[in-house]
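The next block holds one structure in the form of structure tokens; read it before the comments.
No lab work stands behind these numbers, since they all come straight from the coordinates. Keep in mind that what you see is a predicted model, and the values were worked out from it rather than measured. Every residue, glycine as well, gets a Cβ built from its backbone with ideal geometry; the counts of neighbours run over all protein chains shown.
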Amino acid sequence: MTDQAQHAPAATPKPAAPARAKGGSLLGLGRKDFMLLLFVAALILFAPFLLNPFPAGSAMAQFNAGYPDLMQRFVIFGIFAIGFNILFGLTGYLSFGHAAFLGVGSYAGIWMMKLLTLNVIPAIVASVVVAGLFSLVVGFISLRRSGIYFSILTLAFAMMSYALAYSVLTPITGGETGLQLKYFDPRVLDAPLEAGVTPRANLFGIDMQASTNMRFGAWIFTLNAGYYIAGVVMLIAFYLSIRLFRSPFGMMLRAVKSNQNRLNYTGISPKPYTLAAFVISGMYAGLAGGLLVAMDTQVGAERMFWTASGEVVLMTILGGAGTLIGPVLGSGFIKYFENIVSKINESTLNAWFSFLPDGLQDVVVAIIYPFVGKGWHLTLGLLFMAVVIFLPGGLVQGGQKLVTVFRRDRKSADAEKAAAEQRQTQE
Amino acid sequence: MTKSNFTRRGVLKTGATAGAGLAVPTVFTGAVWADGHTGFTNAPQGDTVTLGFNVPQSGPYADEGADELRAFELAVEHLNGEGDGGMLQTFSEKNLDGTGILGKKVAFVTGDTQTKSDAARASARSMIEKDGAIMVSGGSSSGVAVAVQALCQEAGIIFMAGLTHSNDTTGKDKKANGFRHFFNSYMSGAALAPILAAQYGEDRKAYHLTADYNWGYTTQEAVQSSTEAMGWETVNSVLTPLTQTDFSSYIAPVLQSDADILVLNHYGGNMVNSLTNAVQFGLRDREVNGKKFEIVVPLYSELMARGAGENIAGILGSQNWDWKLENELGERYSGTNAFVKSFGEKYGFPPSQAAHTCYVQTLLYADAVTRAGSFNPCAVAEALEGFEFDGLGNGPTLYRADDHQCFKDVVVVRGKESPENEFDLVEIVEVTPADQVTYEPDHPQFAGGSLGECNPGA
């Protein structure tokens, strides 16, 4: 521990390092992890500003992502991916059906809001509990197999849940139309609403949709109550995941990933560990599902479709499976593409390139157009391929590479060493 | 021991930070707030107004979505005084003069619903929260329409539904801020039944195959009750999974039954596949009880007809509108030709009914704003409620105040035996007048919802 503490300041030359960190652990975290937690906390706190770098009304405002809905999605899918990473990143079990737990959590959440109260706390608790129980059942059966068979089993369960929700269980799930809150729902803990009043989710009276706009000249920043509540939940989820990664339990899960046979020979049954990891990650998915409902009081069966399960796999791999922050970055990346790049249409492009001569403008727009708007899947696919081929460790690895390039010190890899020495001689 | 080290730089830094901090509160007050709101969500600032067009650009209904988007672009062009003005010339109201809406130039943003309610809501929320859209339109499935309509109600903006046919949109899920021009399952049933009885006789036995989701249920219910009122008997009704692509196992039992009519309550790819299977099984050449076996498809669309190819020949169904209406049935459907002309000139082919309803919805919204003199959703809703208009291609039409549904004639069509080109696949059999498809607002098929109060938002 002391050894680590002596080396750490050299790696991060931040003067802000709290003196207490040297003494051991903060919140049970090592110094590096604590800094990471602080970093994530700062990201969450300042996201409304960081994500709106362009003044409203300017041509670049298209790329602003700092509006409540998308910020909420960033943190909620961040939670989903963090949970998925506990299973996939640590044990190596690739679940292709995690969206089912998200969906089950959502349905549980909205039923709590229909039957009990519009306060989001019971809804979120119910989402986690119900998703946990469901994942216990699915995990108990699916974990009898490993590898591709496990993936297929989870996929089958998820598609089964989707089909049930879409048609068979229509009275409970609302089928294709999904479930929404109605003014006449029997909320036993709340006073009845007047006919036609729109029910709104709240946290002890704070409306999830309540927003304040801050204006600095041409810039507009939106601070949203629901986003910060979801952000706090994500911070807690992130903290728990760090603790889990660093715990002996986490070590056991890594042992399952590296060599399950060896574990078996040593007389340790990996099943309880993998099942526990599966249930924990199912509960994370349920938490994300509950928060989705709390932020936007509607559930549709599509969120259990296999593409939704595939998406969380992409998020985790894109960000960096097995790393702490990777899944969060990956989910932000994908949601950004889905919501921002998909909305660039032909007329937007024409407006951007209107400074070019007519013929050239058409050519440029014709080249770019297939990759934006409805073509966002194509761009995302290409980027995903590039990441998997060149950065098998995901965006996190990309970040580390960047850091080494810029730092160019003796600690860097050999290729960089030459550059660093060259630079030193020049100085 | 304390050691204070004030440096010049440190003092300056602290001073600057404190100064900025003190200045912050003044930034929030005064003029910056005053122009932000005038009592409703996304009140248009400056000289433009933004509309949100939320259509499926990927997924099973991407073709419909693309056509809807074309129509929206055309409508915006006409509102801004570009192009030939299209239906603005034939519209019974003459408030729109090509200067945008209330003198503000119309801008628009587009989004991809992916035909998923979650994605559609995310896309609509970004239009409202980020782009400041004052109205959202589009959609080509009822699940999406219901989800986005509820969102618009919550956010306090107007939703002008695109292609959505389920009864629920203006039935149990109706909302004060939502309006539908397209017709619905009940109207399909009511329009088809008399013509089915006239064409195929009143003593028929029908077998229903129904897509297993909300739209399928409401359509099946509507067609069944309307045809049973005409004297038909319903032999059986079977639900088919939405993801089904091979319907052989569902068609085979039809051959075993004594049914002489097959009703396919399917849409999109489902319908293309089930119809193809039915024709392959020789149902069209079959005779039961001495009568020729017939197939009925309650909701027709040009794009589906194209997918089903020659199998569509001779099969009856209903449509909201058809681009040949004015040519074949005359003056009553004026506006049709004007729209087909400007659409055709811009894109090179005739518009689908999805394109038509989206174009009309945009014009109706612009007109309602102009008549109300305000973008306030409550004022707009009031202007649309009980509004009677003509010249938009469907003949005289009423926007009923009780449920925000349009009432107009329904077109009954039949697949052409020998189509001349890929855009002329159906022929108009008859038009069922509006009063035959009108129902009470509290009709059992629509019961269980409430419009609620109109919501102008923040």
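Given R₀ = 60 Å, FRET efficiency for B:S257-A:T404 by Cβ-Cβ distance, to 0.05? Working shown, then result.
Working: r = 73 Å, r/R0 = 1.22.
It comes to 0.25.
Between A:K257 and A:F216, with labels modelled 7 Å along Cα→Cβ, what's the label distance in nm to one decimal, could you check?
The two pseudo-label positions are separated by 3.9 nm.
What is the local net charge at B:C454, summed over the other residues whose Cβ is closer than 11 Å to its Cβ (Lys, Arg +1; Asp, Glu -1)?
Values: positive: B:K175; negative: B:E382, B:E385, B:E453.
Cβ neighbours under 11 Å give a net charge of -2.
Would you mind listing how long chain B runs along its three principal axes, going by Cα atoms, in whole Å with the largest first?
Projected onto its principal axes, the Cα set of chain B covers 107, 61, 42 Å.
By counting other Cβ atoms within 10 Å of each Cβ, how are A:M160, A:M112 ranked from fewest to most?
Values: A:M160 15, A:M112 25.
Least crowded to most crowded, the residues run A:M160, A:M112.
All other residues with a Cβ under 13 Å from the Cβ of B:R332 taken together, and with Lys, Arg as +1 and Asp, Glu as -1, what is their net charge?
Values: positive: B:K408; negative: B:E326, B:E328, B:E331, B:D390, B:D409.
Every neighbour counted, the sum reads -4.
Report the local net charge at A:M113: Lys and Arg +1, Asp and Glu -1, summed over other residues whose C-beta lies under 11 Å from its C-beta. Write down the numbers at each step before the final one.
Working: positive: A:K114, A:K182, A:R187, A:R200; negative: A:D185, A:D190.
Cβ neighbours under 11 Å give a net charge of +2.
Using the alpha-carbon centroid of each, what span in Å lies between the stretch B:85-106 and the stretch A:339-414?
Value for the Cα centre distance between the two parts: 41 Å.
Kindly give the semi-axes, whole Å and largest first, of the ellipsoid equivalent to the stretch B:189-238, taking each as the square root of 5 times a Cα gyration tensor eigenvalue. Walk me through the numbers before you get to the answer.
Values: eigenvalues 72, 27, 11 Å².
In descending order the semi-axes read 19, 12, 7 Å.
When the Karplus curve 6.51 cos²θ - 1.76 cosθ + 1.60 is applied with θ = phi - 60°, which whole-Hz ³J(HN,Hα) does each residue of the stretch B:378-394 get, with x for Gly and Pro?
So the J values, rounded to whole Hz, are 5, 5, 5, 4, 4, 5, 7, 5, x, 6, 10, 9, 8, x, 10, x, 10.
So for the pair B:T245, A:T307, with labels modelled 7 Å out along Cα→Cβ, what separation do we get in nm?
That separation, rounded to one decimal, is 1.5 nm.
Can you tell me what share of the DSSP beta bridges in the protein assembly as shown is antiparallel? A percent to the nearest 5 is fine.
Values: 29 of 67 bridges.
Just about 45 percent of them are antiparallel.
With all pairs of different alpha carbon atoms counted, what Kirkwood hydrodynamic radius in Å does the stretch B:43-188 show? Working shown, then result.
Details: mean 1/r = 0.0645 Å⁻¹.
Hydrodynamic radius (Kirkwood, Cα pairs) of the stretch B:43-188 is 15.5 Å.
Across the residues of B:131-138, average count of Cβ atoms on other protein chains within 10 Å? Intermediate results must be reported in sequence, preceding the final value.
Values: counts 6, 2, 0, 0, 0, 0, 0, 0.
Across the residues of B:131-138, the mean count of other-chain Cβ atoms within 10 Å is 1.
I'd like the Kirkwood hydrodynamic radius of the stretch A:60-103, using the inverse of the mean 1/r over distinct C-alpha pairs, in Å.
Values: mean 1/r = 0.0823 Å⁻¹.
12.2 Å is the Kirkwood radius here.
In whole Å, what is the distance between the alpha-carbon centres of the stretch B:141-192 and the stretch A:218-247?
What the calculation gives is 36 Å, centre to centre.
Roughly what % of DSSP beta bridges within chain A run antiparallel, to the nearest 5?
Values: 11 of 12 bridges.
Restricted to chain A, the bridges split so that about 90 percent are antiparallel.
Using a cut-off of 13 Å between alpha-carbon atoms, which aspartates and glutamates can reach B:K291, once sequence neighbours fewer than 8 places away in the same chain are excluded?
Answer for B:K291, where 13 Å is the Cα cut-off: B:E202, B:D203, B:D258, B:D260, listed by chain and number.
Could you list, by residue number, the cysteines of chain B that have no other cysteine's beta carbon within less than 4.7 Å of their beta carbon?
So, B:C152, B:C358, B:C406.
Whose amide H sits under 5 Å from the amide H of A:F216, counting only residues 5 or more places off or on another chain, with H placed in the peptide plane?
Under 5 Å from the amide H of A:F216 lie the amide H atoms of A:F221, each far enough along the sequence or on another chain.
How fast does the stretch B:135-257 diffuse by Stokes-Einstein, in µm²/s, taking the Kirkwood radius from C-alpha pairs at 10 °C and 1.306 mPa s? Walk me through the intermediate numbers first.
Values: Rh = 15.9 Å.
The diffusion coefficient I find is 100 µm²/s.
Quick check: convex hull of the Cα atoms in chain A, volume per residue, rounded to a whole Å³? Could you put the intermediate results ahead of the total?
Values: hull volume 89.7 nm³, N = 427.
So the per-residue hull volume is 210 Å³.
Top mean-square fluctuation among A:T212, A:T316, A:T266, Gaussian network model of chain A, C-alpha springs under 10 Å?
A:T266
Just the ratio, please: alpha-carbon radius of gyration of the stretch A:64-304 over 2.2 N^0.38 Å, N its number of residues. Please list the in-between numbers first.
Values: Rg = 19.5 Å, N = 241, 2.2 N^0.38 = 17.7 Å.
After normalising by residue count via 2.2 N^0.38 Å, the value is 1.10.
Give a residue-ordered list of calculated ³J(HN,Hα) values for the stretch A:253-258 (Karplus: 6.51 cos²θ - 1.76 cosθ + 1.60, θ = phi - 60°; whole Hz; x for Gly, Pro).
5, 5, 4, 4, 5, 6
Testing the spin-label approximation: label points 7 Å from Cα along Cα→Cβ at A:F249 and A:S269. State their distance in nm.
About 1.8 nm, to one decimal.
Averaged over all directions, how much area does the convex hull of the C-alpha atoms of the stretch B:187-319 cover when projected, in nm²?
Over all viewing directions, the stretch B:187-319 projects a mean Cα-hull area of 6.8 nm².
Report D for the protein assembly as shown in µm² per second (integer): Stokes-Einstein, Kirkwood Rh on Cα pairs, 10 °C, 1.306 mPa s. Don't skip to the end; give the middle numbers.
Numbers: Rh = 29.7 Å.
Approximately 54 µm²/s, per Stokes-Einstein.
Starting from the Cα-Cα distance between B:Q89 and B:K341, subtract it from 0.36 nm times their residue separation and give me the gain in nm to one decimal.
Numbers: separation 252, 0.36 × 252 = 90.72 nm, distance 1.25 nm.
Additional length available on full extension: 89.5 nm.
If we count other beta carbons within 10 Å of each Cβ, what is the order of B:H356, B:H443, B:H78, fewest first? Can you show the working numbers first?
Details: B:H356 32, B:H443 13, B:H78 26.
Least to most surrounded, the residues fall as B:H443, B:H78, B:H356.
Applying 1/(1 + (r/R0)^6) with R0 = 56 Å to the Cβ-Cβ distance of A:A195 and A:F371, what FRET efficiency is obtained, to the nearest 0.05? Spell out each step's value before the answer.
Numbers: r = 49 Å, r/R0 = 0.87.
In this case the efficiency is close to 0.70.
Could you work out how far the C-alpha centroid of the stretch B:221-256 sits from that of the stretch A:135-213, in angstrom?
Rounded to whole Å, the Cα centres lie 31 Å apart.
Which entries in B:K104/B:K346; A:K114/A:K182; A:K335/B:K130; B:K341/B:K408 show an alpha-carbon gap greater than 18 Å?
On the way: B:K104/B:K346 24 Å; A:K114/A:K182 8 Å; A:K335/B:K130 15 Å; B:K341/B:K408 22 Å.
Pairs exceeding 18 Å: B:K104/B:K346; B:K341/B:K408.
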